[in-house]
Amino acid sequence: METVSVCCDSCGASLEFPNGVSFVTCNYCKSKLKVKQTSSTSYTEIVEEVRAMSEDVESLKKESRLERLDREWESQKELFMIKKKNGFSYLPTDVVSFSQFIPVLFGGLIGFVTLSIVLLSGNKVEGVTIFMLILSVLTILFGLFLIQNRYKMKNLYLKAELRYKDSRRKLLKEMNS
Ligand SMILES: [Zn+2]
């Protein structure tokens, strides 16, 4: 069977097909081509350029997926934001503020002062002293709870961020392939 070799008018790939065929579809870009033949050469003309169209649509879809991913992450980030009374809000991964250690330090101070007074005065541990010691322990526990909570938030945030970055990377890779 005699074959004809031509270049795809759309992507330039060389195509071979049986002589006499007047329409072909490019194997590479899927463009529909009309085969033109002169006495000396054969060439193709695009009838329907499928590729550019479908690629545009695809890349638009992926772009909007990326946009949506980014937008979703922004609103998810909002949930993790720690809002301060002064109007500032920051992420759990931002600088650890001194303020979150205040309850622990304060509780420790109460305990330290109470024990010092007891030791120095030689009084029995009773009444107000017991109350102060319990207060000290509870304040410390409360402080530790707050700190631990903050770290939990931080870990949750980091995990969510990792997931987001991962999805984003995959999508970008898809877009570039
Ligand atoms: Zn082609």
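Some notes on this structure:
- In the stretch 54-69 there is at least one residue that is of a type in the set (D, E) and under 30 Å from K152 (Cα atoms).
- Selection from the stretch 13-29 of residues that are within 10 Å of the ligand (Cβ to nearest atom) and within 11 Å of S42 (Cβ to Cβ): L15, V24
- Test: residue in the stretch 81-90 that is assigned by TED's automatic domain parsing to the domain that holds L162 and at pLDDT 80 or above: yes
- Of the residues making up the stretch 14-26, those that are surrounded by fewer than 14 Cβ atoms within 10 Å (Cβ to Cβ) and of a type outside the set (D, E) are S14, P18, N19, G20, V21, S22, F23.
The values are calculated or read from the model by the stated rules, or taken from the named source; none is laboratory data. Quantities reported herein were computed from a predicted structural model and do not represent experimental measurements. When we count neighbours, we look across all protein chains shown, and the Cβ atoms used for this are built from the backbone with ideal geometry, even at glycine.
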